[in-house]
Each structure stands twice: as C-alpha cells, then as structure tokens.
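Written out below as structure tokens is the structure these notes cover.
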C-alpha cells in the first residue's frame, strides 16, 4: 500500500510555511531509533545574516568527508581542526591514531572544508541531531544539505542532546545515552569527556539533558534518568572514585507517602573535584523532559508518572506540583515570557498551565500521543495579545494553536460547578487538584485536520527565526521557512 503524500507547505496566521531544506540522518546510522531529537543554538549576533560568497560556495558544494583521529576512552580528543605554526586551520587526515576496540566513540568524520566553515562560525547557527547511535552537527538552516560532522558510538544509543553557544568562539554539546553514559563534546577545540561511566553516579538510562543557563553554574548541566532522578553535573569534574550510592546519602526533604509524589534533595558527601554536584529524586518513573524558565530561576521537570514539577534550581526547592488528566507527560515548553507552560502527553492532549494556578486549558486535536510542543519564539506584543504554538504527535500530524487571556478566563459552557463553589488550592500531597474536562476551557486547533509533514511519527519540534523545524523517527529533519508577506518585503 502506497504511503499518503506529505505536504510541502502549510499555512499559518502569519503566512505560508514552505519546505526549504531537509537533512537525512538515516544514511549515517545503521540502527533504528525510537526518537530523533534536535537542538540548536543561536548565533552570537542577531538579525539577518548574509554569509560571504566563499562560505555559501562551501556549504552548497558536494561534501567530501575525512576521518577524524581520536584517542582515549574517557577523556581525550577527536579534533575537528588543529593549528599549525602559521596558525592556519586544517582538518586532520586519516593517518593518525584511530579508535581502539574499547573506545566508546567508534568513528568521527567531518567535512574536509570544516576548518574554513568554522572561520565564519560567529555568523552561523549550529544544530545537533541524533538518531540511534549517531549524532550529527550541522549548520542551520542546513544550507550544506549534509552534516558538518558525524559521530558514531559503540553499543549505546543516543537518547538526548543539548548544545550551548558560550560565545562566538566556543560551542559545547552534551550527549546522553541509554546506557547512562554522558559525553561532553566541544567541537571547536576537539575535546570530549565521558561521565557516569559504568553507572558510577546513576545506573539507569539518560532521558533528558540540559545545559544550565548562564550564571554562577553555567559550567553545569542537568540530566534526567529513567529511575526518576535528576542529577547535576559539572563538565570539568571527574566521576566519583567509587559508585555513588544516593540511597545512603542524607535526604533534606522527606519523600511523600506515595512514590509518585516523591521529591527528595540528596546532597553529595563531598563537594570537591568529583561529580555529582546535586542529586534530586523527583519520582519513580522516567524523567521525560526538562525545561528552564526564561527568568533562569526555575526549571520545569516532566515525568512519565504524569506530574509536572516546578523547582527553584538555585535554592533546589520544590515550588509547585501539577498532575495531568491521565497518563504520563512526554514533552514540555515555557512561554517566552515565562507565564505559561505547555505539556503534551500520553492522553493525546496538549495542556496549558499557569504558574501558581494550575491547568488553564486543554487542547484537543491529536489522535495519538503528543511528542512535541513549542511556543513561537516571540511573546505577545502591543499588536497581538495572543500566544501561538505548535504541537506534533505520533499521529504524524502538526497542529497550530492560538490562545488569548480572554479565552483562558472564560468559564467552560459545560462546567458542573455550583455558583460560589471553589476547588482547594492543593491536595494533601501538595499537588494541585486534577480538574475534570467539564471545568477546564477546551481549545481547538486552527486547522481541524492538522498538517501531515512526514511519513513517520514525529519526534521533535522547535521554532527558529521565521522557521519551524520538525524531525521524525526515521531520521528526517525538515526545515520550514515562512515566506515574507508583501508588507514585510516593503518594510525591509
């Protein structure tokens, strides 16, 4: 049976989005993947970037890849570039030391012209994409049509990635694996460090990784695990000399009676040169997503136990706990102004939460699990008092949504509450109450049928400047660019 056709463009309230670029990662990976995730970092400068003609030519030219030598099992290098005496940059050849049979990284390849491309890295966005046992580094919006560099791993599937542009000269990435291993990779100097080797800190698989926002702990990142814990690592610290046993460490917040409501803060015995820097036991089921607030003070943690927890990460204190209608939460995103949080889950529903209030709306449209949610990057402004976002699901559909404060404050027509009747602020366990479908406003998508953009279930979604990026489980990444309207063309 022939697969249905997918769209090459779709319409939004701001204009038409059209497919402008596609990256195929399946040709670089021999293993199937449950998920294909994407993350990208904005360049140092803002605005519209015009690349020099030489760089445009390099990105458009057919790529020629070379093997990158690397050494070491835990800490070492697989340099993309090196400096010679004249300080010019060259890609290392294939004659140097190659991988040993015990290496965690089995192969690293890069474009032959990568050194020249990196000369203009201050004008480029970088995007990190993973599938199976493969991670690819590419420019954004994929003008080269092929990755800039590809890493392959031995006996470990990539489950989470994140990248962070420290400045115009330093890009650092973090990669999590189903084995529990974590690899910090710094492409420009060509260094890497392996952490949580053989489960010295946590023996379960990594489900989410996020760099901490700039500040006192900007050398740190958080990792969520399948056992419901969240661990804080510092990229420059080593693993503990012996297995870390959090069950025997002192707990500064007693767990609730129900394991699903568990939150305990476990401080490491020695705050020295070894990881971890912090250890939170958030629940007993897998952490599905981690998202820092725009004010950089709070972190939202979603779990497959169906709970959304807001934690003040500087004070390491649980602030709010919310619970879904049913099922686990699979994805999460903060609004640009930090007032709202989106979650998608196994109940096929996108839920809108307001900090301090709880659920304020449920969005119905998907017919299967929701796998990604994302707000538009721009918050409401003087000419628009509404929020816009997108969602994707395993039903292969992309839905676009919009909501305003008036819609959220409007009582549901089918509400069964009596006049004067109010819900308690929290339950005895500290979580906000779960409101029935009769007591929460319901939103419909802008397009009832949504848009089919891939042939496989969608697994990742994010907004760029005037663009939307989607990825599916087969390793296809597609970039959709919004066409300028006549008014925008005239104003520019």
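Apply 1/(1 + (r/R0)^6) to the Cβ-Cβ distance of residue 243 and residue 273, taking R0 = 22 Å, and write down the FRET efficiency to the nearest 0.05.
0.80
Using 0.36 nm times the number of residues separating residue 218 and residue 444, minus their current alpha carbon distance, what extension gain do you get?
77.4 nm
Using 14 Å as the cut-off for backbone N distance, which residues of the range 132-163 belong to the label zone defined by a point 7 Å from the Cα of residue 61 along Cα→Cβ?
Zone members listed by number: 144.
Efficiency by 1/(1 + (r/R0)^6): what FRET value for residue 385 and residue 203, r their Cβ-Cβ distance, R0 = 56 Å, to the nearest 0.05?
0.70
Find how much the distance from residue 406 to residue 27 grows on full extension, using 0.36 nm per residue of separation minus their present alpha carbon separation; answer in nm with one decimal.
Stretched fully, the residue 406-residue 27 segment lengthens by 131.6 nm.
At a 10 Å Cβ-Cβ cut-off, how would you order 322, 334, 244, fewest neighbours first?
334, 244, 322
For the range 132-208, build the convex hull from the C-alpha positions and give me its volume per residue in Å³.
102 Å³
Listing 128, 446, 13, 400 from the residue with the fewest other Cβ atoms within 10 Å to the one with the most, what is the order?
Placing the least packed residue first, the sequence is 13, 446, 400, 128.
Values in this text are rule-based calculations from the coordinates and carry no lab data. The structure presented is a predicted model; accordingly, all values stated were derived computationally and were not measured. Note: ideal-geometry Cβ built from the backbone for every residue, glycine included; neighbour counts use all protein chains shown.
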